[in-house]
Each structure stands twice: as C-alpha cells, then as structure tokens.
Amino acid sequence: MAQGQSAPRLYILLFSIAVFFLTSLDLVFIHYGMLASPLWFILVYIVPWALLFAFAVDFFGGKSKFSGRKVLVLTFGVMLISTLFTHSVWTIVTPRWTFSVSTDKSTYKVGEQVKITASLMNVGFITHSFTSRASDPVLFSIRYEYSLQVCYSRLHEEITVFSLSANQSLERTFTWNQTNTANSWAWNQTYMLGTYSIQAFIPNAGSTTLYFEDPLFSAWTSINITST
C-alpha cells in the first residue's frame, strides 16, 4: 500500500524537476540569445513543454487525484521558483565592473604636472577575471580639443589575465608634464592653452582591431590648461 502511494509522489517530484529544468534551460537560452533560430525555438522550447504537459494530462488526469487547477498551480509555482533561482545565480556569477579616470585637479597652469588616476573595481559578488592585451593593463591617451593626440602611454603587448575579488580595485597612475610626445614635429613642445580630453582604457585581448579601437573598458575626463 505504501509503495502504491509513493509512486504518485515520485511522479509529482519528477514532474516538478522537469518543469524546473526546462524553465531554467529556456531562461539560459533566452539570456544568451540562442533562440534566434526557429528550429532551436521549436526543439528547445515547444517540443519539451508539449511532451511534459502531455504526460501531465495523461498521468494526473487518469491515475492521480490531482485536479487541473492543482497541476497549473504546481507548474507555475515551480516555474516561479526556477526563475528566481536562475536570476539569483546570474546576479551572483555575472561580472560587474566600474571603470573611471580622474585627475588631481580640473584646471592647471602651463607646465604644471597633471596626475591621472584610473581605477577598475569589481562590484560583483565573487572573484572575476579579465584578460588585457597589455601586461600593465591600463593605457592612457591625451587629446587637445578632443581631436589631436598629444600624449599616450606605451603598449607593452603581452596578453595577461587579471583577477579581482569582490570590491577589490585595480589602480594605475600616469603623469603628464604637458609636453607633446605623440607628434615628432612638436616633440617635447609645451602645448597650447585650452581643453584636453583624457582617456583611460584597457585593451581587449580578444579584439581583432587596433588595440585602442575596441577596448575592454574605457573612461574619459577633461581638464583645462590656463595661463594663470
């Protein structure tokens, strides 16, 4: 008798596990954009759910005291639990970063040294890694009036993996003495008064373009250089 009563419970458990699995699988496919193909949509989404509900109608309708309403409540309850579980896992394991660049002042006199600081912080919940195209991951670029490049840090190309634990920061500094080191025709010439844009970026190791065109992280700030 006990064995006969345990069989429906086992099938209910297996049904709940199947609903949980299919819901999680569908969310993963949707999250990573893998259902673009109609064939994938049919095979992964339509067919398994149809088979599962065909089983539910056959079993719960003929061999169990479960009503249709209870089956729906059970199904949607398990789907909700699966959705919350999947999104919780995504929240925990998905990398989250903040990347910023700043200077010690916003306005400088001619010839005054400009200290630039870039900071990358892991704001996720666990340790995450990134791969830079440079052994010293952060590069800097300075442009006059947002167009003409006057200074940049050198790329020491060596694909390197960096890992940061939760809430850990990686900081790099760069000092510019207001001379033009990017153009041979104005080598070490003190540049004009005006606005300068400063970019800090981490080159992407997986990029197939020039290292500064498709950075992994990038941030901008600006400064003014005046005569007084």
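The values are calculated or read from the model by the stated rules, or taken from the named source; none is laboratory data. The structure displayed is predicted, hence computed values, not measured ones. All Cβ positions, glycine included, derive from the backbone under ideal geometry; neighbour counts span all protein chains shown.
Below, the figures for the structure above:
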quantity	calculated
Check on PHE60, at pLDDT below 70, among the hydrophobic types (A, V, I, L, M, F, W, C) and surrounded by 15 or more Cβ atoms within 10 Å (Cβ to Cβ)	yes
Residue match in region 102-113 (condition: under 27 Å from ASN180 (Cα atoms) and surrounded by 17 or more Cβ atoms within 10 Å (Cβ to Cβ))	yes
Qualifying residues in region 7-54 (those that are modelled with pLDDT of 60 or more and of a type in the set (S, T, N, Q)) - the one surrounded by the most Cβ atoms within 10 Å (Cβ to Cβ)	THR23
Hey, THR131 over 18 Å from ALA219 (Cα atoms), of a type in the set (S, T, N, Q) and surrounded by fewer than 17 Cβ atoms within 10 Å (Cβ to Cβ) or not	no
Where GLN199 falls short, out of the listed (1) assigned to a strand (DSSP E or B); (2) among the polar types (S, T, N, Q); (3) surrounded by fewer than 18 Cβ atoms within 10 Å (Cβ to Cβ); (4) within 28 Å of the chain's Cα centre (by Cα)	(3)
Residue under evaluation ALA166, criteria (1) in a strand (DSSP E or B); (2) closer than 30 Å to VAL93 by Cβ; (3) of a type in the set (Gly, Ala, Ser), criterion not met	(1)
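Per-residue answers, yes or no, for (1) modelled with pLDDT of 95 or more; (2) surrounded by fewer than 18 Cβ atoms within 10 Å (Cβ to Cβ); (3) assigned to a strand (DSSP E or B); (4) over 15 Å from the mean Cα position of the chain (by Cα):
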| site | (1), (2), (3), (4) |
| --- | --- |
| VAL78 | no, no, no, yes |
| THR86 | no, no, no, yes |
| PRO95 | no, yes, no, no |
| ILE126 | no, yes, no, no |
| ASP136 | no, yes, no, yes |
| ARG143 | no, no, yes, yes |
| LEU155 | no, yes, no, yes |
